[in-house]
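Student: Please find one structure pasted underneath; my questions will follow.
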Amino acid sequence: EIVLTQSPGTLSLSPGERATLSCRASQTVTYTYLAWYQQKPGQPPRLLIYGASSRATGIPDRFSGSGSGTDFTLTISSLEPEDFAVYYCQQSTTSPPLTFGGGTKVEIK
Amino acid sequence: QVQLQESGPGLVKPSQTLSLTCTVSGDSINSGRYYWTWIRQHPGGGLEWIGSIYYTGSTSYNPSLKSRLSISVDTSRSQFSLKLSSVYAADSAVYYCAAYTAYDACIDSWGRGTLVTVSS
C-alpha cells in the first residue's frame, strides 16, 4: 500500500499570500494517478487537480499542481477568502487500495 | 459529472450490519465511465477508501475492511449499495458515495455524505 504524507499539517497564511502544499509518497506514484481535492466544513471533497497537474472543470488558474515520482505539490498562487479549507492528495497507482493523504489545513493567519 | 445521493439508517447497533444505498443520476450507471465508490470520513479525520464496483459487478475492496464488506450494484434502479457487517464504534463516520473515473484516475463526483453512528 502506498502511504501519502502531506505537509505541513496546518498552513497559516493571509489572503493574497502564496500557499505551497506537499504530498510525499512512500513509493513511486505514476503522475497520471495523483489527484488533489479541497474540502470545506460540512461539504464533500471537491476535485481540484488530476493527473498531477491538470485542473478540473471550473477550477481557477490560481490552483496548480506539479511533481513526479514520490514528490508532488499543490500551489495556490494568491489565496482568496474561499480557499481556506482542507486539501487532500490521492493516488491510485496501486489500487486496491486507493489512498489519500492525511490532509493539510490552510487557515487564515 | 454525475449526481449521487446516499440513503440509509443514521444509527446502527454494534455487531449489526450497516447498509447504505447510493442513487445515481445525470449519467447511466451502465455507461462504463465510472467505478462506483464508497469512501468514509471519521469525525475530524481524513478520507478512507472503502471499495469500488464497476457496472459489471466487478468489485475492489479495501483490504482492511474486506472480511466485513460487500458492495453490489443494481443497474435497473441506478443504484449501488454498501453492506458492512459486525460494525463497532470505530465504524462511525460520514459515508460518501462517489464516482471514480479510471480515465482520469480521480473522483470527479461526490454525494453529500451521510453520517452513520454505531451505538446501542
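The values are calculated or read from the model by the stated rules, or taken from the named source; none is laboratory data. Bear in mind that the values here come from a model prediction, so they are computed numbers and not experimental data. A quick note on method: Cβ atoms are made from the backbone with ideal geometry, for glycine too, and the neighbour counts reach across all protein chains shown.
Student: Within region A:13-62, which residues are part of a loop (DSSP other than H, G, I, E, B) and among the polar types (S, T, N, Q)?
Tutor: The answer is A:Ser14, A:Thr30, A:Gln43, A:Ser53, A:Thr57.
Student: Please verify whether region A:67-82 includes one or more residues that are within 16 Å of B:Asp104 (Cβ to Cβ), surrounded by 19 or more Cβ atoms within 10 Å (Cβ to Cβ) and in contact with a Pro (Cβ under 7 Å, 6 or more places away or on another chain).
Tutor: The answer is no, given that none of the residues of region A:67-82 is within 16 Å of B:Asp104 (Cβ to Cβ), surrounded by 19 or more Cβ atoms within 10 Å (Cβ to Cβ) and in contact with a Pro (Cβ under 7 Å, 6 or more places away or on another chain).
Student: On the basis of being under 25 Å from B:Ala93 (Cβ atoms) and surrounded by fewer than 13 Cβ atoms within 10 Å (Cβ to Cβ), does A:Val86 make the cut?
Tutor: It is false that A:Val86 is under 25 Å from B:Ala93 (Cβ atoms) and surrounded by fewer than 13 Cβ atoms within 10 Å (Cβ to Cβ).
Student: I'd like to verify a number: residues in region A:86-97 that are out of contact with any Asp or Glu (no Cβ under 9 Å at 6 or more places or on another chain) and more than 8 Å from chain B (Cβ to nearest Cβ), how many?
Tutor: The qualifying residues number 5.
Student: Could you give me the residue pairs with C-beta distances under 7 Å whose first residue belongs to region A:51-78 and is away from chain B (no Cβ under 12 Å) and among the basic types (Lys, Arg), whose second residue is in a strand (DSSP E or B) and surrounded by 14 or more Cβ atoms within 10 Å (Cβ to Cβ) wherever it lies, and which are 6+ apart or on separate chains?
Tutor: A:Arg62/A:Ile76
Student: Sticking with this structure for a sec: Look at B:Leu69 and say whether it is surrounded by 13 or more Cβ atoms within 10 Å (Cβ to Cβ) and within 14 Å of chain A (Cβ to nearest Cβ).
Tutor: In short, yes.
Student: Just a yes or no: is a residue in region B:28-48 more than 29 Å from A:Ala56 (Cβ to Cβ), at pLDDT 95 or above and crowded, with 16+ Cβ neighbours inside 10 Å?
Tutor: No: region B:28-48 contains no residue that is more than 29 Å from A:Ala56 (Cβ to Cβ), at pLDDT 95 or above and crowded, with 16+ Cβ neighbours inside 10 Å.
Student: Just the residues that are touching a strand residue (DSSP E or B) at 6+ places or on another chain (Cβ under 8 Å) and either small (Gly, Ala, Ser) or farther than 13 Å from B:Val87 by Cα (or both), please, taken from region B:1-19.
Tutor: If the condition is that a residue be touching a strand residue (DSSP E or B) at 6+ places or on another chain (Cβ under 8 Å) and either small (Gly, Ala, Ser) or farther than 13 Å from B:Val87 by Cα (or both), then B:Gln1, B:Val2, B:Gln3, B:Leu4, B:Gln5, B:Glu6, B:Ser7, B:Gly8, B:Pro9, B:Gly10, B:Ser19 are the ones that fit.
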